[in-house]
Amino acid sequence: MKKLLFTVILISIAVLISCTSTNGESHNVDAMPRGLGSETQDFSDVIGKKWQLTEVWLNGENTGFNRSSFANQSFTEIFTLEFHEERISGTGAPNGYAAPYTLGEGQDISIMLLLSTMMAPLFAPEGLGEHDFFAYLQNTYKWELVNENLKLYSKTQNSSEVVLIFS
């Protein structure tokens, strides 16, 4: 009888764990304003394009990262992203990086451990450090296309919501 009760409890726990699709985490991505995007999202529209980071939102507030503030300073090739069939690559500020990624159901995405060069920066833009950019990419869990912009949804180490917007 004890063995049967123990087995029933284990099965119940396993069912409860498997029904939790987000591992108990809530992703409040509705805090940031959204534009009107297409109803159907196709990741093939993301692959092969060179994306440039234009905005960073943290807990629904713009961090003040402003690409236009350093575009005139010959630093246009920082914080870029390009998706290939099985990996991403791009430039931080100033290091190049690459990582494999996997797509899940719907718009779920997981970016694996980034590999990057180790150059010292000559320029550090306000509102975002390269280390944070790399960490946000590695914590990405969802993608979305809105008005021809790519949004990557991520979390900080303390579970704050981050949205990276690329054009």
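Observations, loosely collected:
- Fully extended contour minus Cα-Cα distance, from Lys155 to Thr54, at 0.36 nm per residue: 34.6 nm
- Each label point was placed 7 Å from the Cα along the Cα-to-Cβ direction; for Asp42 and Val146 their separation is 2.2 nm.
- Highest average packing first - 88-95, 58-65, 146-153, Cβ atoms within 10 Å: 88-95, 146-153, 58-65
- Placed amide H near Gly127: partners under 5 Å, 5+ positions off or other chain: none
- At 1.306 mPa s and 10 °C, Stokes D of segment 49-167 from Kirkwood alpha-carbon radius, µm² per second: 110
- For segment 104-167, the fraction of alpha-carbon pairs lying more than 20 Å apart is 34 percent, rounded to a whole number.
- Ascending count of other beta-carbon atoms within 10 Å, so fewest first, for Leu53, Leu145: Leu145, Leu53
- Label separation (Glu105 vs Glu85): 2.7 nm, computed from points 7 Å beyond Cα along the C-beta direction.
Every number here is computed from the coordinates shown, using simple stated rules; none is lab data. Values in this document were obtained by computation on a predicted structure and should not be read as measured data. Cβ sites come from the backbone with ideal geometry, for glycine too, and all protein chains shown count toward neighbours.
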